[in-house]
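Structure, as structure tokens:
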Amino acid sequence: MLEKVNSSSDVKKLSIEEKKELAEDLRKYILEIVSKNGGHLASNLGVVELTIALHSVFDLEKDKLVWDVGHQTYVHKILTGRKEQMKTLRKLDGLAGFPKTNESVTDCFNTGHSSTSISAALGMARARDIEGKDNCVMAVIGDGALTGGMALEALNDAGYSQTRLTVILNDNEMSISKNIGGVSMLLSKLRTKKSYTKSSDTLKKHILKIPIVGKPFVRLVQKVKRSIKQLVIPKMFFEDIGFRYLGPVDGHNEEELERMLRITKELEGPVLLHVITKKGKGYKIAEENPDKFHATGPFDIETGKSKKEKSKDYSKVFGDKLVDLAQRNDKIVAVTASMKDGTGLTRFAKEFPDRFFDIGIAEQHAVGLAAGMAKEGVIPVVPIYSSFYQRAYDQVIHDIAIQKLPVIMCVDRAGCVGADGETHQGLLDMAFFRLVPNLNIIAPKDFRELEEMLEFAVNLKKPVVIRYPRGGEDKYRFESCKQVKEGKAEILQEGKDLTIIAIGKTVARAMKVAEEIEKNEFEDNQLSVQVINARFLKPLDIETIKESITKTKNVITIEDGTIINGLGTAVKELIVDEKLENINLKTYAYPDKFIEHGSVDELEKRYKLDEETIVKDFLNYYKQDIAKALQK
Ligand SMILES: Cc1ncc(C[n+]2csc(CCOP(=O)(O)OP(=O)(O)O)c2C)c(N)n1
């Protein structure tokens, strides 16, 4: 069936039976693609029927459909002319793993971070009303994403405003792991209730046909029905805040879904359609392990086993060290915003259930909560991915930094993350955290240093940001790791012609670049390179760096972040502030743009940050200056 379908209009022509066949084909195709390219599997398998139904009922070139997070849009992409391109999913210059307005008009809004869809959809609905248009606007949001503050803020506004808008709640009882919290408790109560729209809507149709009495009578029935509902379903949250609640509906029943979506089309005001789906639907291994198959690397379809042996990564090293520290210090607690496994907290959660807090997809709350705990003497450790820390920027400033509260902010997935692309790159954290007074900002060069830094941080009694990358450490092996001291850099090798300063994962690259440069001869002279592991972006070790630059005159900085306001900028400022003269400085960092998806290696090459390019670039750039310097 998939061969016959390329667009929404092809879907609209199919019978229900054919759509069921199409659903099976779509699942097979998605499985095939994700098992090769990696990606978000379970969430996509869960929304196959829902996506087909949306394409059957709406005109998605005119009607607006905003996908929350956007990780579940593979079916939508296939049904909107991108079937063949799906083979390039998440690859450099291929299709993105999230909705992109530049890929299709049917991707009406870019997403990637959770809980934004209702705000964007409400904005589009208000714009429609202002412009006097009549298109439908929908947001599809998961029960996990509904735990995010922004989604609740939007519901609050939408319900009160009575703007025509449909929120489709895709409830699979899962965030990445099992969904938790009060919203999840509310949904589980609603889930157990039978759909009550069917009879009342049929009734409404008949009554409306009665002249004069029709409308007022319907209003009366609705009022009565509403009060009955209040009795049947305790705390009718959605209706109380101004939404018309429809459902729950079986999200794998094509007919039922289409019927309900058609009803939403006819209703005025904000509507919430509660759809029950199964994460991983149709692929037994994912149904049984929806968390593991939420996002996956390439795997074997038969066994579900990963094609790449999972090696130790920074998150695991962080998690193990935290357990070790927590065993010795019972004040240490851990807070996660729905990313227990991803941030390496699985062991901590098991060993210290009373000191572990999964607070939903709510980074702002996570940081605010940690600040409160720190104020009362507890030591909170809060690992959040770099790009999601963006959410909690004000809480870092207002709740932690101003009060100098000792919260350990662990910035996981810092730097280039690769295939998830623009919305997930962790390239801005150094820049935005560097602006904030009272923060210590550190980054380890390898696993061992991460352990040292974590121990340093929990004992410092000040706010600390520790950033570390996705995945494992570099192949380069450091011989030692000096003790971490506040504001102190680590000199890794002495040299007199060039200083290379790096931080975090790029320190290993600095060592390799130094090695390569030292192999080159300049007019029979061998260059000698000093390598500094900055360790602290803030406070920067001005003394050590100044001394080295004054000696070598030539400096390069390498970092895994944006060119603006990172290590390179800090060194530039130092040169000016300290009035150092005749210095050649070259800064290697990502340019001031949002970095697309692709593998980390490919992106580093594209942005000229790989070892080979830096060496070549350096040799070209400095050849004359160095030759001159050597002649003196
Ligand atoms: C602000 C933010 N925090 C965390 C994430 C990581 N994340 C991606 S999907 C997801 C779970 C979403 O659950 P739900 O909305 O129920 O969708 P499902 O995958 O279950 O369909 C999380 C936590 C994110 N994308 N954005």
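Summary of values
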{"quantity": "Share of alpha-carbon pairs per 5 Å distance bin for the range 491-631, given as whole %", "calculated": "2, 10, 21, 24, 21, 13, 7, 2, 0, 0"}
{"quantity": "Beta bridges per DSSP with both ends in the range 458-544, % antiparallel, nearest 5", "calculated": "50"}
{"quantity": "Overall dimensions of the chain by Cα: Rg and Dmax, Å", "calculated": "27.6, 103"}
{"quantity": "Filter on 19/189; 316/608; 546/586; 20/62; 572/608 - keep pairs with C-alpha separation over 23 Å", "calculated": "19/189; 316/608; 20/62"}
{"quantity": "Sites matching trypsin sites (Lys or Arg not before Pro) across the range 411-492 that sit in DSSP coil, with at most 13 neighbouring C-beta atoms within 10 Å", "calculated": "461, 475, 477, 485"}
{"quantity": "The range 342-392-the range 1-64 distance, computed between alpha-carbon centres (Å)", "calculated": "37"}
{"quantity": "Linear extension gain, residue 620 paired with residue 330, 0.36 nm per residue minus alpha-carbon span", "calculated": "98.9 nm"}
{"quantity": "Residues with amide H under 5 Å from that of residue 139, placed H, sequence gap 5 or more", "calculated": "66, 166, 167, 168"}
{"quantity": "Residue 493 paired with residue 36, simple spin-label distance in nm, labels 7 Å along Cα-to-beta-carbon", "calculated": "4.3"}
{"quantity": "Order of 175, 7, 15 - criterion: other Cβ atoms within 10 Å of each residue's Cβ, fewest first", "calculated": "15, 7, 175"}
{"quantity": "Among the listed pairs 64/605; 281/340; 77/278, those beyond 28 Å (Cα-Cα)", "calculated": "64/605"}
{"quantity": "Residue-span extension gain [residue 547 to residue 581] - 0.36 nm each, minus C-alpha spacing", "calculated": "11.0 nm"}
{"quantity": "FRET E, pair residue 572, residue 185, Förster distance 56 Å, beta-carbon r, rounded to 0.05", "calculated": "0.60"}
{"quantity": "Selection of GluC sites (Glu not before Pro), the range 498-540, meeting DSSP coil and at most 10 other Cβ within 10 Å", "calculated": "523"}
{"quantity": "For the chain, calculated [θ]222 nm from helices alone, where every DSSP H run of n ≥ 4 adds -39500 (n - 2.57)", "calculated": "-12500 deg cm²/dmol"}
{"quantity": "Full-stretch length increase - residue 130, residue 239 - with 0.36 nm per residue and alpha-carbon distance subtracted", "calculated": "36.7 nm"}
{"quantity": "Highest-first arrangement of 33-40, 96-103, 579-586, where packing means the average Cβ count within 10 Å", "calculated": "33-40, 96-103, 579-586"}
{"quantity": "Filtered trypsin sites (Lys or Arg not before Pro), the range 294-354: DSSP coil and at most 15 other beta carbons within 10 Å", "calculated": "305, 307, 308, 310, 312, 331"}
{"quantity": "Share of Cα-Cα pairs in the range 1-83 lying beyond 18 Å, as whole percent", "calculated": "35"}
{"quantity": "Magnitude of the charge dipole, the chain, Cβ model with Lys/Arg +1 and Asp/Glu -1, debye to 20", "calculated": "2060"}
{"quantity": "Bridge type composition, the range 392-479 - antiparallel percent by DSSP, nearest 5", "calculated": "10"}
{"quantity": "Cα gyration tensor shape of the range 314-467, rounded if a/c is under 1.5, else prolate or oblate by comparing a/b with b/c", "calculated": "rounded"}
{"quantity": "Antiparallel DSSP beta bridges within the chain, as percent of all bridges there, nearest 5", "calculated": "15"}
{"quantity": "Residue 2 paired with residue 461, simple spin-label distance in nm, labels 7 Å along Cα-to-beta-carbon", "calculated": "6.1"}
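Rule-based calculations on the coordinates, nothing more; no lab input. Bear in mind that the values here come from a model prediction, so they are computed numbers and not experimental data. All Cβ positions, glycine included, derive from the backbone under ideal geometry; neighbour counts span all protein chains shown.
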